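To start, the structure under review is shown below, and the notes come after it.
The values are calculated or read from the model by the stated rules, or taken from the named source; none is laboratory data. Bear in mind that the values here come from a model prediction, so they are computed numbers and not experimental data. Cβ: placed from backbone, ideal geometry, glycine included. Neighbour counts: every protein chain shown.
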Amino acid sequence: MRPFLSSIEPFDDDLVGPAVHGFLHRPAGPPGRGLVLTHGAGSDCDAPVLVAVAEAFARAGFTVLRCDLPFRQVRASGPPSPATAARDREGLRRAVTALRPFVPGAISLGGHSYGGRQASMLAADDAGLVEALLLLSYPLHPPRRTNAWRIQHFASLRTPALFVHGSRDPFGSVAELNEARRSIPGRTALITVEGGGHDLMRGGTGLPLAAIVQKFGNLRPI
């Protein structure tokens, strides 16, 4: 693994677009498929769950870029603003583009919580951008606010998606996630982390990395 940085490029007219900043995990053998991973609202690309997942996929032959979203590049702490969510999605689009020179095969996109939500919204808007989605602890709704669903774009999501979800996640139950998945026209799959919370790394049975890699590797468009 070595640091991976890209230059800031023009974004729109006279505006400057978000840079791509993160770390590149290379497989030991020839590169095959690629995966861009990003973090949640209260974290950055060094989140333990992202490091563990990136290393597992690299061992399986993926080239993985785990990257900071634009909002985190601006400030080291604090949550993102709804006003800058579109810029975060543009940052993910640029990360996919930045990874392409390193990967001969298809590229997938994923993230934890807020990062996974933005990845899925980007894929819903551009179905051909990536091959598949890895959605870790998708935030269906804020804790205890089951009337504030964050799935309006699911009906437009045709990119195959693997959800990894803790059975004690306050941002949505497994039953709620299964119900929400029914609105997605693309192929979906679910791995439940029994006893796991929103961060997936504490409590319960632990993160089933081998199962995640295997099921994701078999995920293909309908």
Exercise. Give the number of residues within segment 174-208 that are hydroxyl-bearing (S, T, Y), within 17 Å of the chain's Cα centre (by Cα) and either at pLDDT below 90 or over 13 Å from A161 (Cβ atoms) (or both).
Key: 1
Quiz item: What are the residues in segment 31-61 that are without any contact (Cβ under 8 Å) to a residue 40 or more places away in the chain and either of a type in the set (S, T, Y) or under 13 Å from V103 (Cβ atoms) (or both), if any?
Solution: G61
Self-check item: Which numbered condition R66 fails, given (1) outside any helix (DSSP H, G or I); (2) at negative phi; (3) of a type in the set (D, E, K, R); (4) loosely packed, with under 14 Cβ neighbours inside 10 Å
Solution: (4)
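Would you mind finding the one in P70, P3 that is touching a helix residue (DSSP H, G or I) at 6+ places or on another chain (Cβ under 9 Å) and either at pLDDT below 95 or not small (G, A, S) (or both)?
Values: P3 fails: touching a helix residue (DSSP H, G or I) at 6+ places or on another chain (Cβ under 9 Å).
Residue meeting the stated conditions: P70.
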Self-check item: Pairs where the first residue, in segment 170-183, is over 11 Å from T146 (Cβ atoms) and the second is surrounded by fewer than 18 Cβ atoms within 10 Å (Cβ to Cβ) and among the hydroxyl-bearing types (S, T, Y), C-beta under 9 Å, 6+ apart
Solution: V174/S167
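On the given criteria, is A119 in contact with a helix residue (DSSP H, G or I) (Cβ under 7 Å, 6 or more places away or on another chain), at pLDDT 95 or above and either over 18 Å from A54 (Cα atoms) or β-branched (V, I, T) (or both)? If you could, list the steps in order and put the result at the bottom.
Details: in contact with a helix residue (DSSP H, G or I) (Cβ under 7 Å, 6 or more places away or on another chain): yes; at pLDDT 95 or above: yes; either over 18 Å from A54 (Cα atoms) or β-branched (V, I, T) (or both): no.
Criteria not met by A119.
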Quiz item: Taking into account only those residues within segment 73-88 that are part of a helix (DSSP H, G or I), of a type in the set (A, V, I, L, M, F, W, C) and modelled with pLDDT under 95, which is surrounded by the most Cβ atoms within 10 Å (Cβ to Cβ)?
Solution: V74
